[in-house]
Structures are given as structure tokens and as C-alpha cells.
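Structure first, then comments.
The values are calculated or read from the model by the stated rules, or taken from the named source; none is laboratory data. This is a predicted model, so every value here is computed, not measured. Glycine also receives a Cβ, built like all others from the backbone with ideal geometry; neighbour counts cover every protein chain displayed. Note: areas computed on protein heavy atoms with side chains; ligands, DNA, RNA excluded. Shrake-Rupley method; radii C 1.70, N 1.55, O 1.52, S 1.80 Å.
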Amino acid sequence: MPKAKVNGVEVEFEPGMTVLQVAELAGEEIPRFCYHERLSIAGNCRMCLVEVKPGPPKPQASCALPAADNQEIFTRTPMVKKAREGVMEFLLINHPLDCPICDQGGECDLQDQAMGYGRDDTRYEENKRAVEEKEMGPLIKTVMTRCIQCTRCVRFITEVAGVPEIGLISRGEDVEITTYLGAAVTSELSGNVNDLCPVGALTHRPWAFNYRPWELKKTQSVDVMDALGSAIRVDSRGAAVLRVLPRINEDVNEEWLSDKSRYAVDGLGRQRLDRPYVRKDGKLLPASWPEAFAAIAEKVTATPAERIGVVAGDLQDAESLKAALDLFTALGVRNLDCRQDGSALGSGPREGWLFNSTLAGIEAADVVLIVGANPRLEAPVFNTRLRKQWVAGQTRIGLIGEQADLTYQYDYLGAGPATVAGLAKSRSDFAKAFKAAQRPAIIIGQGALAREDGAAVLKALAGLASSVKLVREGWNGWNVLHSAAARVAGLDLGLVPGQGALSTRDMLKPGALDLLFLLGADECEASASGAFTVYLGSHGDRGAHKADVILPGAAYTEKNGLYVNTEGRVQMGERAVFPKGEAREDWAILRALSDRLGKTLPYDSLDQLRAKLFADHPTFGQIDFAPGSIPTVFDLSALGAEGELSDIPFKSAVEAFHLTNPIARASVTMAECAALASGSAKMAAE
């Protein structure tokens, strides 16, 4: 490997690295504004100047300069210090003195670097330049006079998000960052440009003037708005969650986060259930916990076990699912289902419902077939990985299902199951490439499985996978892309109906049950069943509207919990604030209810519950381990069931990206985004 000296310290580096990267290997911190590890090199700001020998006797931009063998790099010489101070002086010529009122204050790169390289006065006597504000939608607040033209936002929205809606116009002193024709940014990842902005030119509009960074308590947790399990940091003040930011996790979300995961947090304080309710004479009335438990116990005692059903929702932690499973199994109830959308998954080996290539490992696939999914809506952060590979020319992508703008080109093969059944015999270019691929992969969305013929579609996909040897020694390309954060945990627990038991679809039929228990289930139409309904959840959403008893639960930021993402990775969510009012953690409510029903659960604390969970289901004890990282060969023939394939086209499981769960539907910010996305509203410039 080549070697270079940084301030006299010799370091080895990989060929192709820049001088800036080599300097950081040696432990030297190089100031920068435009450079970012995941974006292309622009060389705009010139703050990263260093002195290099051999080379011309002048400072050079280290971000754009390739490192060479036997090179000498100096980062602390008087020449370098003077050059950086000069660059800082130029950057501050037109920058307004907004620090006391700027939302970026306390987290501003320019503010930090000015402490090290700034002057205590200015030699510039002319008037400062002012720039008109830009309208970029409900999520991005602009004060473009602060902009230093680093173009991080332009490069992210073009290269990573794949929606080139921000650009740089004019030249010289008149240069400006703007959206095209003043339109709002439509990317599901637009909030990331606010994180990337090194000054206060782009800030978070929903959180404007609400906090100072040093006022917030920071809690590391896991996102539940989709099934990726993105690493997040929940920032709270007192009892309120004020913002959610991404944490770096190279295996899951890198350092990006979707707009819904980031900005739906205002829904945590709206439409909350903060006390129990019992329906009397057709009206829901506030009640005490004993009164609510008594109403449930009376109904359970009078109802045969086969007339009781349980449906678990999409945002549940593994502990609440385990407590519900233990309680209702003890009562003899067999109608248990975590698949409120009616997905066909749940039987066969565990690999059958996992993303086996892993989220990061999909970048090794050379041909990818997407079936019944729209990754841009169902998992926007994961979609950036597919785009990254497509941009690099390393992956060919095919799609069966709903045509949509995925931000990259793909071979459109067909709309429904008939295309799946015929692909193995097809002679199309994509079919030939798929069969000849060294690492082929299939990504199956819930749009292909949550149908009446879902089991037959799953069988057809398993047959196709076998024909191309999708699962082989050293590679497993069978991938299920879930859209619900709780789904994999529920399937791992076996929270599915056994032989002769009712699925969610059957439970919701009129007259099928006498008692229906909804564990945070809001995406199914329970009112049509006519059963006595008990709802345990955090928000007054669809599940609570027709309930006879409501038990107030905790939202994901208000409890410690385990979540299993689409690749089977078990992750820990941490409590940032306490539940609202009389609400309690879901597992604790079920534990108290079990005592009232005479079937006391054998755990009194979260630690005891987790100990039993790990003992009964060992996979939950493998924290932060993705099973697909060790490719496993499994029997594809065990998946699905023979049946007639429908000619109905596949449809994405997510129609309105911003309104997929109770928290998002309670969010004013998400409502604004949804209206903008549907075209029913236009953002007016401030």
C-alpha cells in the first residue's frame, strides 16, 4: 500500500484516496463545508486547504487532490493557517449576523469554524448582499442570504434522492440556490438537506424557533415508520418530543432518514389516548382502569375462546406481542394474527419472510427483480441503495407491478402474477440476464402477498427463485420487503392463526367473532365485524373509533422495546419521554389485564418479560445481528400454497406515503405534505 507523511507522521492509505482522507487517517481534523463523504466532490468552499510536497508552493484543496505515494502533507503551517483565515473572511463577507435568531445556532459548522479561523472584525465596507427567500415546501425553511453555495443540497437531491429539483443559477456574486420554477421539493428524503446544510440557509421548517439544541435531551432509538429500523436520535424537552434525527448505521440507513420518520413527531402530541374509555349507551365515556378491566373480563368470561380474536398492529414492540400471545394462548384463543393486511407470509422457514441479502448486502446483487413493491414509498432510505448501484452501473433492475418513478431506470416486465409465472420461460433480455446472474435477487413487496391469491403468488415466486438458483451456497437472494415495523417480530413469535383458526380477513367478517381485541391495529376495518371490540393503542385513530373499550398505550418514543426489521435484525428502542396521562406501556397493561382475567402472566418487569422472550424465542436475543449476513440455504418449496393466480395487477402496499400509521395521520406536518403530494394544495411563499 502507498504511504504518505502527514505533519511528519507516516500513514498507509488505499489507492484512490484524497489528501483530506489521508490526513484524517492520521488523526488530523480538516475544516470543510462543501465536502461530504457520501456526495461527489465539488471543491467549492476551499476551506480544506493544506500544503503538499512535492507540489507548487501554495495551498491546495485537499478534498479534490488525489493522495500520492511518498507525499508530504502539512495541515498546520503558517501558510495553511493564513489561507484558511482568508477563506473564512471571504465566506463571512455577505453572511448576515443572524446567530442569535438562527435555528442552526449551536449546530452550525460555519459558527464552529469561525471560532478557529475567523477575525474579530471585518475589512469589507460595502453593503452585504441580500437574497430573496425560496419556497421549497412544508419541510424546508430557507434564509438564502446565509447560503455559502457549498451545493451539498444540490448534490444530495440529485445524486442520492434522485429528484433533481434543486439547482444553482447565475454566476459570480449573483449565484443562488433555488428550486426549479419555485416549486416545492417532492422527494421523500428532502429533510436530509437540512442536516447537510453547513450554515443556516436551509433549516427544518416544522421545528422553526421551537428549541435550542442545548435544551434537548438526546435518546438513541429505532424508527418504526417503516420496516427498515433506521437508527434515530429522539430529542425531547420535558414531556414533549421535539425532533427526530438520523444516527449513522452503515448496515441499515447509512446516515439518511425519510421525511415521515423525521417530521411525523408532532403527531405524538395530538389525538392521544390518555385515559381508559368504556362505551355505555352508545357513547364512549371516561373510565378508571378497574372499570375498563371489569368490562373486558365480563365479556371474556361470557365468550367461548373460539369466538375471540386478536389482531396486532404495525407499530408494536416485540414485548407487547409476546405478552398478548402468552395471555390469549392461556385463554385458549387460537384466532391470533399480526398480519392485518392479510399477507400470505407466516408458514415455512424463517428465511421465507426475511430480507436475506441484507439491506447493505443488496449492493452486491448484479440483477434485481422487484415484485409488487414501490421501494421509493415503502422504504425510501433503502431505495437510495438501489439507486446508488444503478448509478454505478453495477446492478440491472426489473419491475413487476405498478409502474412508478423509482428515481432510477428499470426494465418494466409486466403488471401482475401472469408475468411472474411466465418469467422463467421468457426469452426477454432481462430474463436472460436474470438467469445468468452471479448474484440474482428478488425483492417481494406486500403488494404481491397481501391479496386473496397471495399464497399462490408466493408459490409462483418460489418456483421462479428455484429456477434461477436464487438461493445457493454463499448467496441468498430471496428478499421480502416489509412495510410494517412489527411484522417480522410477529411472524418470528408465531402470531399467526394455526390450523382451523381465523386470519384477520376472516375475523373481520360480520358475525365471525363475539370479541375482537385490537393491539394497536388501525389499518383494518374492524367495525364491519360487529364484535365487541377492545382497542389498546396510543392514538384515537381508526381502531379506536368504533371500540367498546379503549386502553391507552404508549407510543414508540415512550417505552423501551425490541423491534425486528425486515432483514431480521433485532434492535432496541429506548424511551425518551413518559406516556401521556394515565397511559401505560402495552405489555404492562396486558400483564395487569391477565391478573384480572385469572391468567396471570409470569413476569412483573420488562427484564423478566425479555428473559422469557429470549428463552422461548432465542432469535430475539441476537441483538443487532442480521441473519442474512451468513447466507443460509433453505427449502423454497415450503413457501406458499398451490392455487389459482388472479389477473388483478399488483399494487403497492403504500398509497399515501405520509399517512400510513396513526402517528403520521395525527401529524399536521404530514397532512401538509400529503396534500402537496396529492396536488390538492399549493404552498404559498412566506
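Of note, Pro164 satisfies the criterion of being within 15 Å of Val193 (Cα to Cα) and either within 34 Å of the chain's Cα centre (by Cα) or modelled with pLDDT under 90 (or both).
For the range 509-529, the criterion of a residue being aromatic (Phe, Trp, Tyr), within 29 Å of Phe355 (Cα to Cα) and in contact with a helix residue (DSSP H, G or I) (Cβ under 9 Å, 6 or more places away or on another chain) is satisfied by no position. Residue selection: Ala421 fails the criterion of being closer than 21 Å to Leu636 by Cβ, open to solvent by less than 10 Å² (accessible area, probe 1.4 Å), of a type outside the set (Phe, Trp, Tyr) and at pLDDT below 95.
Matching residues to (1) open to solvent by 60 Å² or more (accessible area, probe 1.4 Å); (2) at pLDDT 95 or above; (3) more than 30 Å from Ala450 (Cβ to Cβ); (4) polar (S, T, N, Q):
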| position | (1), (2), (3), (4) |
| --- | --- |
| Asp281 | yes, no, yes, no |
| Ile296 | no, yes, no, no |
| Ala305 | no, no, no, no |
| Asp317 | no, yes, no, no |
| Leu325 | no, yes, no, no |
| Phe328 | no, yes, no, no |
| Gln340 | no, no, no, yes |
| Ser347 | yes, no, no, yes |
| Leu354 | no, yes, no, no |
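Exactly one residue among Ile623, Ile550 is β-branched (Val, Ile, Thr), open to solvent by 10 Å² or more (accessible area, probe 1.4 Å) and under 30 Å from Leu242 (Cα atoms), and that residue is Ile623. Restricting attention to the range 191-241, the residues that are among the small types (Gly, Ala, Ser) and open to solvent by 10 Å² or more (accessible area, probe 1.4 Å) add up to 4. Just the residues that are open to solvent by 30 Å² or more (accessible area, probe 1.4 Å) and under 41 Å from the mean Cα position of the chain (by Cα), please, taken from the range 46-73. Within the range 46-73, Arg46, Gln60, Ala64, Leu65, Pro66, Ala68 qualify.
Taking residues in the range 524-535 that are at positive phi, and partners anywhere that are of a type outside the set (Asp, Glu), the pairs with Cβ atoms closer than 9 Å and at least 6 places apart or on different chains are Gly530/Pro510; Gly530/Gly511; Gly530/Ala512; Gly530/Leu513.
Out of (1) touching a residue at least 24 places away in the same chain (Cβ under 8 Å); (2) part of a helix (DSSP H, G or I); (3) farther than 20 Å from Asn356 by Cβ; (4) in contact with a strand residue (DSSP E or B) (Cβ under 6 Å, 6 or more places away or on another chain), what's the single condition that is false for Val488? Here Val488 clears every test but (3).
Scanning the range 1-16 for residues that are surrounded by fewer than 17 Cβ atoms within 10 Å (Cβ to Cβ) and farther than 17 Å from Pro59 by Cα turns up Met1, Pro2, Lys3, Gly8, Val9, Glu10, Glu12, Glu14, Pro15, Gly16. Screening Ser594 against (1) modelled with pLDDT under 95; (2) more than 23 Å from the chain's Cα centre (by Cα) leaves a single unmet condition, (1). From the list Ser483, Ser467, the lone residue that is open to solvent by 10 Å² or more (accessible area, probe 1.4 Å), closer than 24 Å to Ala360 by Cβ and among the hydroxyl-bearing types (Ser, Thr, Tyr) is Ser483. Entry remark, the range 246-267: residues being farther than 15 Å from Val222 by Cα and either assigned to a loop (DSSP other than H, G, I, E, B) or open to solvent by 10 Å² or more (accessible area, probe 1.4 Å) (or both) number 1 in total.
For the range 587-620, what are the residues that are of a type in the set (A, V, I, L, M, F, W, C) and surrounded by fewer than 20 Cβ atoms within 10 Å (Cβ to Cβ)? Steps first, please.
Taking the range 587-620 and keeping what is of a type in the set (A, V, I, L, M, F, W, C), we get 587-590, 592-593, 597, 601, 606, 609, 611, 613-615, 620.
Passing the criteria: Ala592, Leu597, Leu606, Ala611, Phe614, Ala615.
May I ask you to list the residues in the range 555-574 that are open to solvent by 10 Å² or more (accessible area, probe 1.4 Å) and either more than 18 Å from the chain's Cα centre (by Cα) or of a type in the set (Asp, Glu) (or both)? Hits for the range 555-574 are Asn560, Glu574.
Within this structure, Val654 fails the test of being among the aliphatic types (A, V, I, L, M), over 19 Å from the mean Cα position of the chain (by Cα) and assigned to a loop (DSSP other than H, G, I, E, B).
Just to check your reading of the model, which residue among Thr660, Thr669 is in contact with a Pro (Cβ under 8 Å, 6 or more places away or on another chain), surrounded by 20 or more Cβ atoms within 10 Å (Cβ to Cβ) and under 25 Å from Gly573 (Cβ atoms)?
Working: Thr660 fails: in contact with a Pro (Cβ under 8 Å, 6 or more places away or on another chain).
Being in contact with a Pro (Cβ under 8 Å, 6 or more places away or on another chain), surrounded by 20 or more Cβ atoms within 10 Å (Cβ to Cβ) and under 25 Å from Gly573 (Cβ atoms) holds for just one of Thr660, Thr669, which is Thr669.
Summed over the range 137-160, the residues that are touching a residue at least 24 places away in the same chain (Cβ under 8 Å), of a type in the set (A, V, I, L, M) and in contact with a strand residue (DSSP E or B) (Cβ under 8 Å, 6 or more places away or on another chain) give a count of 5. For Arg272, the conditions (1) closer than 25 Å to Leu659 by Cβ; (2) at pLDDT 95 or above; (3) crowded, with 24+ Cβ neighbours inside 10 Å; (4) touching a strand residue (DSSP E or B) at 6+ places or on another chain (Cβ under 8 Å) are fulfilled apart from (3).
This table checks each residue for (1) open to solvent by less than 70 Å² (accessible area, probe 1.4 Å); (2) of a type in the set (A, V, I, L, M); (3) under 26 Å from Glu173 (Cβ atoms); (4) part of a helix (DSSP H, G or I).
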{"position": "Lys82", "(1), (2), (3), (4)": "no, no, yes, yes"}
{"position": "Glu85", "(1), (2), (3), (4)": "yes, no, yes, yes"}
{"position": "Asn94", "(1), (2), (3), (4)": "yes, no, yes, no"}
{"position": "Leu110", "(1), (2), (3), (4)": "yes, yes, yes, yes"}
{"position": "Asp120", "(1), (2), (3), (4)": "no, no, yes, no"}
